[in-house]
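Worksheet: one structure, shown below.
Please treat every number below as a calculation from the coordinates, not as lab data. All figures in this text were calculated on a predicted structure; none of them were measured in a lab. So basically every Cβ, Gly included, is an ideal-geometry build from the backbone, and we count neighbours across all protein chains shown.
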């Protein structure tokens, strides 16, 4: 398995897609019931393949990820072979907060001297999808280009 099993909720919301996936793989409804009863490990393998297929499609559409905490904001631009990072980190003993868009905006205006800012580029060591998966597993969430561009503008000033 490349990524992770979809949850029961995710699978139930993708029921039609799972049925189509099974049919493409030569498994109709009757055959699926038979596999579930007689070869549950084969059924799990099919769900694993389906999960990887779905997550690969989802991950291929993600262009930006972010991680926010009171003391740190990381925004990633996920390219094909590498990722660009904009990092904002609050210096020790600062009251600046980077956990929300509003608090980041306020921190950049009122506490700019208390924020360490840098950019970095990292070549992917795994496939693009696996890099996205790893960042999501580490607590990142999808972000938007506008946030990336606004931070990039601040970095250029």
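Assorted remarks:
- Any hit, region 40-63, residues being crowded, with 17+ Cβ neighbours inside 10 Å, over 25 Å from the mean Cα position of the chain (by Cα) and farther than 21 Å from residue 156 by Cβ: yes
- Matching residues, region 1-24, being over 20 Å from the mean Cα position of the chain (by Cα) and either within 29 Å of residue 143 (Cβ to Cβ) or surrounded by 12 or more Cβ atoms within 10 Å (Cβ to Cβ) (or both): 12, 17, 18, 19, 20, 21, 22, 23
- Neighbours by Cβ (under 7 Å, 6+ apart or cross-chain): first from region 34-56, in contact (Cβ under 8 Å) with a residue 12 or more places away in the chain; second surrounded by fewer than 13 Cβ atoms within 10 Å (Cβ to Cβ) and outside any helix (DSSP H, G or I): 46/25; 48/1; 52/1
- Count - residues of region 122-151 that are under 26 Å from residue 70 (Cβ atoms) and in a strand (DSSP E or B): 3
Let's see how each residue does on (1) assigned to a helix (DSSP H, G or I); (2) without any contact (Cβ under 8 Å) to a residue 24 or more places away in the chain; (3) farther than 30 Å from residue 52 by Cα:
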position	(1), (2), (3)
80	no, no, no
88	no, no, yes
95	no, yes, yes
99	no, no, yes
108	yes, no, yes
118	no, no, yes
154	yes, no, yes
